[in-house]
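Every number here is computed from the coordinates shown, using simple stated rules; none is lab data. Please read all numbers here as calculations on a predicted model, not as lab measurements. Every residue, glycine as well, gets a Cβ built from its backbone with ideal geometry; the counts of neighbours run over all protein chains shown.
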Amino acid sequence: MQAKGRNSGGSIAVLKKDRDFKELTELAQSHEIEYRIYGDDMQCVEIELDPGESVIAEAGGLMMMEDGIEMETIFGDGSSSSKGLVGKLFGAGKRLLTGESLFMTVFTNAGQGKRHLTFAAPYPGKIVPFDLAALGGKVICQKDAFLCAAKGVSVGVEFQRRLGTGFFGGEGFIMQKLEGDGLSFIHAGGTIVEKELGPGELLRVDTGCLVAMTPTVDYDIRFVGGFKTALFGGEGLFFATLKGPGKVWIQSLPFSRLASRVFAAANYGKKDEGSILGGLGNLFED
């Protein structure tokens, strides 16, 4: 199992620079979990829970679990801050804005020994673990990217304040944000590339390929430039520009690109399947 301690000395040192002691104490509330990722293109993540530990997940993500683990469906974002009816309704409302369900599922080890449960990726791609304590306590990611996390991690919304970014950024005005000090797991399509941007360093990516970024990264949209390039280049009209410092995660196969290829293939008639000529064979039919 790969263990990620949320209170390592280096992480605490970073957090103390950005928050006072009171804020740091309030942040350190997530359960500590261990994990192991299996597979290559269709991955799953196995979570190990000690007695009393819990993990939160999106509905439908569970693959299997051992005896002794109890399930509970809850309102809200799964964080310990969602207390009371108002807090739970507010957390559930935030999830609706990102296109998610009103409910989340909490899996708790109610037994005496260690128990394991596994969550599966919904489509071909990679599962990426985030140690939020080492990343400053917050990561912004694309909608539908969240898979599961240690209990105490808050799954909220991040609004894009710039008009152009909201309209043409590929993710709209609303993205997900993961806050806390525990482990969380996201899923994205194809291969995931992690890049560390230095201060002022600029990276241009396809608007659909951005998976996640730390909040210190400046995210904007730029026109590709050039009339012929914009109309006939096949890369769209806009690029996402990411300016450091900070970390970004890029996916090689956005789900929208995969879905468009599947939809295009589904439009071919079944009578063309297996034919060497394919659709050209129709030219010789009576």
- Message: For a quick check: with amide H placed at 1.01 Å from N, whose amide H comes under 5 Å from Ile174's, ignoring anything fewer than 5 positions away on the same chain?
- Response: Gln160
- Query: Which whole-Hz couplings ³J(HN,Hα) result when phi for each residue of region 53-70 is put into the Karplus expression 6.51 cos²θ - 1.76 cosθ + 1.60, θ = phi - 60°, listed in order with x for Gly and Pro?
  - Reply: 7, 9, 9, 9, 7, 6, 4, x, x, 5, 9, 6, 7, 7, 5, x, 9, 9
- Item | Net charge, Asp50 excluded, C-beta distance under 11 Å - Lys, Arg +1, Asp, Glu -1 | -2
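Ranked from highest to lowest mean number of other Cβ atoms within 10 Å per residue, what is the order of the peptides 125-136, 147-158, 52-63?
Output ranking for 125-136, 147-158, 52-63: 147-158, 125-136, 52-63.
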- Query: Residue-wise, which Karplus ³J(HN,Hα) couplings in Hz belong to region 154-159, taking 6.51 cos²θ - 1.76 cosθ + 1.60, θ = phi - 60°, and x for glycine or proline?
  - Reply: 9, 10, x, 10, 10, 8
- Using label points projected 7 Å from each Cα along Cα→Cβ, tell me how many nm separate Ala259 and Thr241, to one decimal. 2.9
- Item | Net charge of neighbours whose Cβ lies under 11 Å from the Cβ of His187, counting Lys and Arg as +1 and Asp and Glu as -1 | -1
- Item | Residue-wise HN-Hα coupling along region 120-126, computed from phi with Karplus coefficients 6.51, -1.76, 1.60 (Hz; x: Gly, Pro) | 10, 6, x, 7, x, x, 10
